[in-house]
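Before anything else, here's the structure in question.
The values are calculated or read from the model by the stated rules, or taken from the named source; none is laboratory data. Note that this is a predicted model, so its numbers are computed, not measured. For neighbour counting, all protein chains shown are included, and Cβ atoms are generated from backbone atoms with ideal geometry for every residue, glycine included. Side chains included, ligands, DNA and RNA excluded: accessible areas come from the protein's heavy atoms. Shrake-Rupley method; radii C 1.70, N 1.55, O 1.52, S 1.80 Å.
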There are 2 protein chains.
Amino acid sequence: MFNLEWYRIFWQTARHRNLTKAAGELHITQPSVSYAIKQMEEALGLRLFHRLSKGVELTEEGRALFEYVDQSFSMLDSAQKHLESLKQLNEGEIRIGASDYLIKHLLLPQLNTFHSTYPGIRIRLSHGKTPDITKRLKDGEIDCAFVHMPLHDPLLNIQTLVVLEDCFVVGEAYQELASRSLTMREVSELPLILFSQGSSTRVFVEQWFAAKGLSVTPDIELGSIELLAEFARLGYGAAFVSRSFVQEDLHSGKLYELKLDDPLLPRSIGFAVRRDRKLSVAAEQFVQMIGARLSEGL
Amino acid sequence: MFNLEWYRIFWQTARHRNLTKAAGELHITQPSVSYAIKQMEEALGLRLFHRLSKGVELTEEGRALFEYVDQSFSMLDSAQKHLESLKQLNEGEIRIGASDYLIKHLLLPQLNTFHSTYPGIRIRLSHGKTPDITKRLKDGEIDCAFVHMPLHDPLLNIQTLVVLEDCFVVGEAYQELASRSLTMREVSELPLILFSQGSSTRVFVEQWFAAKGLSVTPDIELGSIELLAEFARLGYGAAFVSRSFVQEDLHSGKLYELKLDDPLLPRSIGFAVRRDRKLSVAAEQFVQMIGARLSEGL
DNA sequence: ATGTGGTATAGATCACCTCTATATCATTAT
DNA sequence: ATAATGATATAGAGGTGATCTATACCACAT
């Protein structure tokens with residue numbers, strides 16, 4: 001059959017009109033070139049070059065072939081360049097799934113860094129609840145996802161990325177509550193400021209209460225963690241937030257953390273990919289960066 | 001370095017999403033495919049396929065590569081088709097040089113046959129005098145030429161194709177001249193009907209006279225052999241024509257050939273190509289045909 | 001458990017590409 | 001003429017890497 005390597009030899013020979021020069025370019029010897037072209041001509045049943053005393057020259061048929069081969073090669077050359085570019089992270093695409101909350105507070109800060117380092121990489125975010133996100137991940141619509149733990153799925157490779165520690169915080173108005181330890185019932189009877197219904201955070205806190213047979217109805221229900229903290233500071237009640245987010249306020253005394261008889265279990269955020277798929281170069285790089293930055297502390 | 005054969009293996013694998021199938025298509029074994037793709041991935045420093053439990057699937061980078069490779073291959077495929085077509089004489093080009101006279105009386109009848117057999121082959125004719133034609137042949141502007149012999153040129157390969165025998169003919173009016181043998185001087189004093197100045201035929205006949213120190217001025221000078229014969233038939237004088245052309249008139253008694261003391265040397269028509277160039281498939285076929293037909297007698 | 005359908009790995013083999021050496025040929029210089 | 005130069009072609013030896021066989025391994029379905 002026809003050996004594709006022959007095309008490369010043919011191409012160089014046609015360009016240099018000289019077997020010896022072509023051989024030099026290809027880092028092989030002149031007889032090898034001569035041999036390859038002979039093979040080719042025999043395989044095609046056509047003469048491709050005129051053998052002149054001072055080199056070779058394409059025949060009519062050879063010229064016809066060269067037109068195509070040249071184009072074909074420039075195509076393959078572009079391919080090499082494109083792949084190199086993908087490898088150098090000058091282009092590419094990452095499709096990430098996460099909840100609105102995680103997109104805003106975990107992903108966005110990291111993404112900025114990533115995007116300014118690799119401006120050519122296109123980021124596609126899709127938001128949704130964890131079950132929805134995992135489905136899209138399994139369907140191949142997204143490359144990786146940030147999910148709330150615990151989550152088990154045989155098709156997915158999930159690793160814990162960062163641990164969220166939650167707490168109830170109050171403003172100065174409720175300062176005295178923070179001096180002693182509260183039971184869950186006591187907490188449930190406070191005016192509560194919670195994340196909106198259906199969010200992972202809300203589900204988590206409701207389950208915590210439910211474990212003691214308590215059901216709660218928040219006085220205030222909000223969609224953003226900043227607002228939760230703000231209402232707490234203003235003394236509207238106890239807000240359920242992740243501790244790291246209100247760290248500064250706790251230090252400066254604008255907010256107070258409630259001590260609890262039954263400690264809240266830490267919640268984990270995991271990073272999930274399909275077990276049977278390798279990440280693209282771009283996604284791989286992204287994961288590396290996320291991992292490095294998060295291990296230094298969120 | 002990168003082996004172009006790998007592309008073929010990559011391509012088949014990508015199309016079938018299955019190493020085993022690709023191997024079958026390529027008439028090699030599955031491990032060979034596995035090995036080749038591994039080589040390729042290592043050379044590129046990129047993973048090209050996801051290995052799934054039920055086959056393989058292109059990665060993002062693999063898809064990018066496939067786009068190019070697929071195009072590149074369809075290009076090479078077109079090349080094969082084109083060459084095949086050239087070989088089958090479904091297309092191609094022949095550039096032929098000849099004098100006006102030879103184009104009309106030697107080439108045209110043959111060309112019709114050739115052209116109806118191979119309608120896809122483009123014929124390019126260029127006309128000119130033999131020295132001009134041979135120059136164009138040596139410059140590579142034409143592929144082959146019909147020339148008047150004798151002609152010697154170290155760069156050209158010339159073979160005699162057909163022998164033209166010339167003669168002087170007269171109409172009934174001069175019938176009695178044909179009964180005896182004439183000297184050249186007698187002929188030179190007849191009213192002569194000759195081909196136009198500069199043509200090979202004219203040069204030939206002038207040289208024949210010049211060899212005896214005679215110079216001639218024709219009474220009638222014409223550009224086509226039909227007209228020469230016609231004027232002779234009408235009794236305007238003696239026309240110098242090739243015998244084969246007036247064969248019929250000689251038999252039917254419309255024309256009479258003059259007998260000469262000094263016989264005219266037969267003139268040869270030769271076929272010339274460049275010694276260092278091989279003819280294209282189309283031209284080769286043309287030469288074959290011309291040779292075969294002419295050897296059966298013009 | 002077992003079978004099925006896929007890929008990966010190990011080690012042996014062999015085809016064929018590449019090499020060296022030399023022939024041959026045309027052109028150019030001496 | 002003769003030699004030198006710069007090409008390609010050919011012959012025969014050799015080595016390398018693609019290919020093969022055999023087998024392991026893995027996921028999934030039965």
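If the viscosity is 1.567 mPa s and the temperature 4 °C, what Stokes-Einstein diffusion coefficient in µm²/s follows for the protein assembly as shown when Rh is the Kirkwood radius over Cα pairs?
Estimated via Stokes-Einstein, D reaches 39 µm²/s.
For A:SER242, A:SER74, give the ranking by accessible area with the largest first, probe 1.4 Å.
Most to least solvent-accessible, the answer reads A:SER74, A:SER242.
Report, by chain and number, residues whose modeled amide H sits under 5 Å from the one on B:ASN157, excluding near sequence neighbours (fewer than 5 apart, same chain).
B:VAL273, B:ARG274, B:ARG275
While we're here: Put the label 7 Å from Cα along Cα→Cβ for A:HIS127; what are its distances to the other copies, in nanometres, shortest first?
8.4
Moving on to the next point. Just tell me how shielded B:75-85 is by partners: mean number of partner chain Cβ atoms within 10 Å of each residue's Cβ, no decimals.
The mean count of partner-chain Cβ atoms within 10 Å per residue comes to 5.
Here's a follow-up. Kindly state, as a whole number, the per residue volume in cubic angstrom of the convex hull around the alpha carbon atoms of chain B.
It is 170 Å³ per residue.
May I ask you to report, in nm to one decimal and beginning with the shortest, the distances from B:GLN197 to the same position in the other copies, taking label points 7 Å along Cα-to-Cβ?
11.3
With no solvent and one point on each alpha carbon, what is the Debye value of log10 I(q)/I(0) for segment A:211-298 at q = 0.16, 0.19 Å⁻¹?
-0.87, -1.01
Turning to a different aspect of this structure: Could you sort A:HIS127, B:HIS82 by their accessible area in this structure, using a 1.4 Å probe and putting the largest first?
A:HIS127, B:HIS82
Which percent of the accessible area of the protein assembly as shown is formed by carbon and sulfur heavy atoms (probe 1.4 angstrom)?
C and S fraction of accessible area: 49 percent.
On to the next question. Taking only DSSP H segments of four or more residues, each worth -39500 (n - 2.57), what value at 222 nm results for chain A once the sum is divided by all its residues, to the nearest 500 deg cm²/dmol?
Dividing the helical sum by the residues of chain A leaves -13500 deg cm²/dmol.
Among the GluC sites (Glu not before Pro) in segment B:147-213, which ones are in a DSSP loop with at most 13 other Cβ atoms within 10 Å of the Cβ? Mind listing them?
B:GLU165
Something else: Calculate the mean, over all residues of peptide B:64-72, of how many other protein chain Cβ atoms lie within 10 angstrom of the residue's Cβ.
6
When all protein chains stay in place, what accessible area (Å², nearest 10, 1.4 Å probe) is found for B:ARG275?
Here the residue's solvent-accessible area equals roughly 140 Å².
Oh, and also: What's the total accessible area buried between chains A and B, using a 1.4 Å probe, rounded to the nearest 100 Å²?
Rounded to the nearest hundred, the buried surface is 4000 Å².
By average Cβ neighbour count within 10 Å, what is the ranking of A:263-270, A:15-22 from highest down?
Descending packing order for the listed peptides: A:15-22, A:263-270.
Once R0 is set to 45 Å, what does the formula 1/(1 + (r/R0)^6) return for the Cβ-Cβ distance between A:GLN159 and A:SER252, expressed as a FRET efficiency to the nearest 0.05?
0.85
What is the distance in Å between the Cα centres of segment A:21-50 and segment A:65-129?
40
Give me a single rounded figure for B:38-49: the average over its residues of other chain Cβ atoms within 10 Å of their Cβ.
Mean partner-chain Cβ count within 10 Å for B:38-49: 2.
Distances from B:LYS54 to the same residue in each other copy, label points 7 Å out along Cα→Cβ, in nm, shortest first?
Result, one decimal in nm: 6.6.
Work the Kirkwood hydrodynamic radius out for segment B:149-298: mean of 1/r over every pair of different alpha-carbon atoms, inverted, in Å.
That comes to 17.0 Å for segment B:149-298.
Considering only DSSP beta bridges whose two residues both sit in the protein assembly as shown, what percent are antiparallel, to the nearest 5?
Counting only bridges with both partners in the protein assembly as shown, antiparallel ones make up about 60 percent.
Please report the residue of chain A with the smallest beta-carbon distance to the A-to-B rotation axis, and give that distance in Å, no decimals.
Value returned for chain A: A:LEU4, 2.
Next question, about the same structure. Using the Cα atoms of segment A:4-87 to build a convex hull, what is its mean projected area in square nanometres?
Reported value for the Cα convex hull: 5.7 nm².
What net charge do the residues around B:GLY140 carry, taking every other residue with its C-beta under 14 Å from that of B:GLY140, with Lys and Arg at +1 and Asp and Glu at -1?
Around B:GLY140, the charge tally is +4.
How high is the relative contact order of chain A, given as a whole-number percent (alpha carbon pairs under 8 Å, six or more residues apart)?
Here the relative contact order equals 20 percent.
I'd like the distance between the alpha-carbon centres of segment A:222-298 and segment B:235-298, rounded to an integer number of Å.
Distance between centres, Cα-based: 102 Å.
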